[in-house]
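Inspection log for the structure reproduced underneath, given as structure tokens.
The values are calculated or read from the model by the stated rules, or taken from the named source; none is laboratory data. It should be emphasised that the depicted structure is a prediction, and the values quoted were computed from it without experimental measurement. Please note: Cβ atoms are built from the backbone with ideal geometry, for glycine as well, and neighbour counts cover all protein chains shown. Calculation scope for accessible area: heavy atoms of the full protein, side chains included, ligands and nucleic acids excluded. Shrake-Rupley method; radii C 1.70, N 1.55, O 1.52, S 1.80 Å.
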Amino acid sequence: MGKYRPDRVVRILTGLISLAYYFAWLVTVVTLIALPAALLPGLEGVTVGVPVTVPDLEESVAFDWDTPATAYRLGDARAQLEMPLGAAPLSYVALLWLGAAAMLPLTLRFLYHLRRIFQRVRDGAPFDLENARRLRSMGFLQLAISLGYGVFFYAQSLALMGAVTESSLDLDAWIPIDGIGVFTALVLIALAEIFRRGSSLEEEQSLVV
Amino acid sequence: MTIRVTLDHVLERRGMTLTELSERIGITLANLSILKTNKARAVRFSTLDALCRELDCQPADLLAYVPE
């Protein structure tokens, strides 16, 4: 069996993931500093997009796919409320900051592991036991990110809905279920076991002279 | 493992070092060292062939069965 040589795609992806990792660091630092800073005078224009659901709209849309054209009634609509942070209470900004402080480091750790895996693959050691451990960690991190995002989203939606005193719309809070995230987590955990077996086979192969 | 590699005895009889053998048969010193120190899990026939050719010996000269 010849020595493993990563192709150009792996090398390019390794570079791109490194860039993404450094960018994620920048976003994390800026977000954690900017959120409380938005309460300072002069920064009232800073807004944060708050996802909301508007249920049971009395609206409809017609398509000309059918003959005659049929109007379909809209159900729930997902919208984004631009909330000026300067006008929000400290408790709400604190909630947003806590959510960012919890979720962004998880994302950073996920990217760190992904970057290290690609670096080991680029260096010619794909079936490294450390890669297997990293994949497993990434799986659990993805689960935490998916579940954490749902919880955080629901909490901030509830906080927002609780503060609304007047609205021409019927607003509702909901828990988004990140099915793709959970599925990805399971795939990563399964891959970790495959890589663990691969690393033991490679170790055994390395002792064949 | 009950199979022992007696490569060091054959090398001594031939007056050859492991480094010289490695250069002659194109197997890395690290791999030959794994073989010599009985850490190898398996030996390829091609490796055995190269060793026997270079050391002018039989496979039985290089391997010994030692019951545990």
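In the range A:160-209, which residues give up 50 Å² or more of accessible area once the other protein chains are added, compared with their chain alone (1.4 Å probe)?
In the range A:160-209, residues shielded by partner chains: A:LEU207, A:VAL208, A:VAL209.
Between the range A:71-146 and chain B, what is the separation of their alpha carbon centroids in Å?
53 Å
Where does each of A:LEU96, A:LEU32 land when they are ordered by accessible area, with a 1.4 Å probe and the largest first?
A:LEU32, A:LEU96
Quick one, can you get me the convex hull of the C-alpha atoms of the range A:151-209 expressed as volume per residue in Å³?
Spread over its residues, the Cα hull of the range A:151-209 gives 80 Å³ apiece.
Magnitude of the Cβ-charge dipole of the protein assembly as shown, K/R +1 and D/E -1, about the Cα centre, nearest 20 debye?
Magnitude of the dipole: close to 1580 debye.
For chain B, what does the convex hull of the Cα positions come to per residue, in cubic angstrom?
Looking at chain B, the number lands at 79 Å³ per residue.
Solvent-accessible area of B:GLU54, probe 1.4 Å, all protein chains present, reported in Å² to the nearest ten, please.
Roll a 1.4 Å probe over it and B:GLU54 shows about 60 Å².
I'd like the interface area for chains A and B: accessible area of each alone minus the complex, both sides summed, 1.4 Å probe, protein heavy atoms only. What is it in Å² to the nearest 100?
So the total buried area for this chain pair works out to about 800 Å².
Quick one: compute the contact order of chain A, relative version, from alpha carbon pairs under 8 angstrom and 6+ residues apart, as a percent.
24 percent
Working from the pairwise distances between different alpha carbons, so that the mean of 1/r is found and then inverted, what is the range A:9-137's Kirkwood radius in Å?
The Cα-based Kirkwood calculation yields 18.8 Å.
What residues have an amide H closer than 5 Å to that of A:THR47, excluding those fewer than 5 places away on the same chain, when H is modeled at 1.01 Å from N in the peptide plane?
Amide H neighbours of A:THR47: A:LEU85.
Could you please put B:HIS9, A:HIS113 in sequence from largest to smallest accessible area, using a 1.4 Å probe?
Putting B:HIS9, A:HIS113 in descending order of accessible area: B:HIS9, A:HIS113.
Under the rule of at least 5 residues apart or a separate chain, name every residue whose amide H is placed under 5 Å from the amide H of B:LEU63.
Those lying under 5 Å, H to H, from B:LEU63 are B:THR6.
With label points built 7 Å along Cα→Cβ from the Cα atoms of A:ILE180 and B:ASP8, find their separation and express it in nm.
6.0 nm
Note down the accessible area of A:ARG196, probe 1.4 Å, to the nearest 10 Å².
80 Å²
For A:ALA38, which sequence-distant residues (separation of 5 or more, or a different chain) have an amide H within less than 5 Å of its own amide H, given hydrogens modelled in the peptide plane?
Under 5 Å from the amide H of A:ALA38: no residue qualifies.
Could you work out how much longer the chain between A:ALA79 and A:ARG8 gets when fully extended? Use 0.36 nm per residue separation minus the Cα distance between them, nm to one decimal.
Gain in length upon complete extension: 21.4 nm.
Evaluate peptide A:85-93: per residue, the Cβ atoms of other protein chains within 10 Å of its Cβ; return the mean as an integer.
Mean inter-chain Cβ contacts per residue within 10 Å come to 0.
In Å, what is the Rg of the alpha-carbon atoms in the range A:51-209, and how long is Dmax?
23.2, 78
Could you give log10 I(q)/I(0) at q = 0.10, 0.15, 0.16 Å⁻¹ for the protein assembly as shown, computed by the Debye formula over C-alpha point scatterers of equal weight, without solvent?
Calculated log10 I(q)/I(0) at the listed q: -0.77, -1.15, -1.19.
Rank these by accessible area, largest first, 1.4 Å probe: A:TRP25, A:TRP65.
Largest accessible area first, the residues go A:TRP65, A:TRP25.
Which of the three applies to the range A:105-170, rounded, prolate or oblate, going by the alpha-carbon gyration tensor with a ≥ b ≥ c and a/c under 1.5 meaning rounded?
prolate
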